[in-house]
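Shown next, in structure tokens, is the structure this report addresses.
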Amino acid sequence: MSIQKGIDQKIKVKPAYFQLIHTTAYEGPCRLGSGEQLTPEFDEKIGHAKFKRFKETLKTYSDEIEFLEPELLTWTDEFILREEQFKKLSNDVGKADLFLFDGVFHQFPASEISQRFHVPVGVIGCCASTDGVAGLRNAGLEAYGFIDPEDANRQLKLMRTKIALRNTRVLAILKNDVVSKGVLSTITDLQQLTRDLGIQFTFINAEDLFDALRAITPEQEAAAEQIAKDLIDQAEYSDMTLENIVRSTRFYVVIRALLEHYECNAFTMPCFEVCATRKFNDEFRCTPCLVHTLLKEEGIPSACESDLNALVAMTVLINLTRKAPHMGNTHPYASEIKTDESTPSGLELIPEIEDKRNIVSTWHAVQTRKMKGIDGPLMPYHITPFTQAGWGATIRYDFSRDIGEPITLLRFHPSGKKMLAVKAVIVAGAGKDTVGCSTGLYYQVADSRDMFRKMLDFGHHYTWVYGDYIDDLKELGEVMGVDVVTAYPGEFPYE
Amino acid sequence: MSDAILSRLLQRKKTTAACAAAVLDSRHSVDPCPEPLLKKYIRHKFLLEDEDSDSGNLQGLAKRSLMRAAGEAASSRYLNAKDCTGATNALTKIILLIMNIEQTFGVHFTPAESADAETVADLCRLVRTAWNREETRV
């Protein structure tokens with residue numbers, strides 16, 4: 001049994017090309033031509049030829065899209081879509097996530113299909129997309145319009161993220177309360193979240209997790225040891241013993257097994273509450289940090305502190321970008337004058353940021369080695385313990401290597417109905433050689449006060465990836481029915 | 001239209017008719033509808049000149065023909081321009097050619113067969129198959 005990851009989820013699309021067959025040869029206000037070109041035979045032949053070209057175009061779409069068998073549907077200038085045409089699609093109702101239509105004057109048949117089957121439809125091209133979709137949306141039906149095939153390809157990839165979210169099942173460790181005391185802004189109406197985005201939850205008690213850690217099998221032990229050795233081999237250096245790293249990889253192997261067992265593909269746990277049981281200190285000698293790192297590197301969303309807003313945001317970013325995000329506490333500097341007092345606990349006021357405005361920092365010991373692409377090479381890293389006692393493996397990357405690179409931060413609103421997306425540029429790395437959570441980065445945003453005001457509605461943990469994905473997120477928000485709030489007014493006033 | 005052009009077009013019509021007759025004559029020969037003959041017919045039908053490419057690709061021939069009609073400066077934008085039914089000028093020309101071949105050689109291709117024809121060789125095969133089909137039926 002393997003974990004059904006969101007990033008492997010394809011969007012299933014049923015494509016159909018509509019050809020209008022004119023029953024006799026005539027010219028008029030709706031058509032023009034001459035001779036043979038006006039005959040029904042010509043319409044039929046050219047319909048097949050255009051259908052063939054349509055099928056060729058489908059081959060150029062992303063492999064994140066799985067096309068069911070394309071169909072050629074015809075209708076005539078009697079302007080009815082006959083039952084035999086509906087039947088060509090009826091078998092795929094329930095199999096396809098979306099019906100994709102192209103053709104000639106195809107808003108009417110597309111609309112007929114939508115109203116008959118109540119399936120999401122996508123309409124390509126002028127002017128069927130705008131006319132058909134506006135009509136369908138006004139009728140309360142799910143419809144999408146695409147400027148051209150390239151736009152359809154791009155938007156279908158965004159929709160794939162929506163499908164991946166709908167197939168997300170979170171394994172959540174429970175200790176004392178659903179709401180961790182460190183993340184009061186977390187999404188609390190989980191039933192509403194399931195209704196809105198389709199994300200589901202399986203809760204297990206922390207005590208069950210401890211039992212699973214105690215019952216580790218010899219195979220799991222061997223796997224944990226191998227992962228730890230590989231981590232050391234691939235690192236630039238390690239500040240930890242193999243034994244202490246194995247304690248953390250053991251935790252990762254067990255969580256992975258639990259994900260498989262419960263058929264989940266996302267993970268979170270309440271660090272504070274579980275920490276307070278002292279089992280990690282007294283018995284297991286590990287922290288969840290490496291679990292989060294390694295799961296994310298596989299494309300499995302895994303968020304600190306039972307923070308569901310961050311977890312959903314992370315799920316969005318992983319699926320949208322195929323990059324393994326970092327997440328962390330996020331806080332801006334208030335003004336041009338920065339003091340040790342205005343520096344968040346655990347961070348240092350460093351020269352690189354002293355004379356810069358609109359600086360914000362994000363830090364947590366859950367960096368990944370695949371932040372520039374899950375399918376790409378490992379980024380250089382070293383291994384540092386979370387604790388002063390030397391246990392709790394964490395991966396550290398020096399973000400100072402990427403000064404000037406744009407990043408996109410994201411967090412969901414406590415209601416689960418909005419997301420805050422922030423564009424920024426890396427200014428410096430932070431705390432790469434420290435223990436604890438204070439490792440991350442400083443970056444510049446367009447207006448840190450504006451961002452902070454919005455954070456007061458959204459909360460403190462932000463998940464982020466390299467690159468500027470603001471436009472994609474805005475479009476994704478439309479597809480998902482989630483409002484997108486941005487924390488920059490437009491162009492960056494970088495200094 | 002100048003006399004010279006008119007005369008050239010009439011001559012072209014005669015040559016095209018002669019090619020069509022030759023193709024029809026080949027029906028019961030050991031090599032029915034030979035490719036060079038059909039290609040010659042198509043080239044005349046498309047008003048192509050000797051110096052035009054000898055390609056057997058229908059798209060290529062149709063585009064060349066459109067350039068002959070529109071002038072050498074015709075851009076690819078013109079060649080790929082679509083009418084309001086989404087058909088390019090080249091595709092329309094190919095379908096009209098196929099319909100003409102059906103009419104001239106007394107055959108019928110299904111819309112799917114027509115859509116699959118990409119080369120002169122494909123059209124030859126279609127004509128031969130249609131002739132065979134008819135004879136079997138007889």
Answer residue from segment B:111-121, given it is out of contact with any Asp or Glu (no Cβ under 8 Å at 6 or more places or on another chain) and of a type in the set (A, V, I, L, M, F, W, C) and is nearest to the other protein chains (Cβ to nearest Cβ) among those: B:A115
For segment A:93-125, enumerate the residues that are within 28 Å of the chain's Cα centre (by Cα), among the small types (G, A, S) and within 14 Å of chain B (Cβ to nearest Cβ). A:G125
Hey, among A:R195, A:R256, A:R214, which residue is modelled with pLDDT of 95 or more, more than 30 Å from the chain's Cα centre (by Cα) and open to solvent by 50 Å² or more (accessible area, probe 1.4 Å)? A:R214
Just need a number here: residues in segment A:447-478 that are hydrophobic (A, V, I, L, M, F, W, C), touching a residue at least 12 places away in the same chain (Cβ under 8 Å) and open to solvent by 10 Å² or more (accessible area, probe 1.4 Å). 2
Please go through segment B:53-110 and give me each residue that is within 14 Å of chain A (Cβ to nearest Cβ), touching a Leu at 6+ places or on another chain (Cβ under 9 Å), of a type in the set (S, T, N, Q) and open to solvent by less than 40 Å² (accessible area, probe 1.4 Å), ordered by number. B:T88
Out of all the residues in segment A:218-227, is one or more in contact with a His (Cβ under 9 Å, 6 or more places away or on another chain), within 30 Å of A:M379 (Cα to Cα) and at pLDDT 95 or above? no
Qualifying residue in segment A:243-252 (condition: assigned by TED's automatic domain parsing to the domain that holds A:A365, within 17 Å of A:E207 (Cβ to Cβ) and outside any helix (DSSP H, G or I)): no
Among the residues of segment B:103-129, what is the count of those that are in contact with a helix residue (DSSP H, G or I) (Cβ under 8 Å, 6 or more places away or on another chain) and assigned to a helix (DSSP H, G or I)? 15
Criterion: surrounded by fewer than 18 Cβ atoms within 10 Å (Cβ to Cβ) and in contact (Cβ under 8 Å) with a residue 24 or more places away in the chain - qualifying residue of A:I407, A:I403, A:I426: A:I403
Total residues in segment A:35-54, condition open to solvent by 20 Å² or more (accessible area, probe 1.4 Å) and free of Cβ contacts under 8 Å to residues at least 12 places away in the same chain: 6
Taking the stated definitions as given, is B:L48 open to solvent by less than 20 Å² (accessible area, probe 1.4 Å), under 10 Å from the mean Cα position of the chain (by Cα) and not hydroxyl-bearing (S, T, Y)? no
Of the residues in segment A:7-29, those that are surrounded by 15 or more Cβ atoms within 10 Å (Cβ to Cβ) and under 27 Å from A:S114 (Cβ atoms) number 14
Return the total of residues in segment A:259-275 being among the small types (G, A, S) and loosely packed, with under 15 Cβ neighbours inside 10 Å. 0
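The values are calculated or read from the model by the stated rules, or taken from the named source; none is laboratory data. This structure is a prediction, so every number in the text was calculated from the model and none was measured. Positions of Cβ are generated from backbone atoms using ideal geometry, with glycine treated the same way; all protein chains shown enter the neighbour counts. Calculation scope for accessible area: heavy atoms of the full protein, side chains included, ligands and nucleic acids excluded. Shrake-Rupley method; radii C 1.70, N 1.55, O 1.52, S 1.80 Å.
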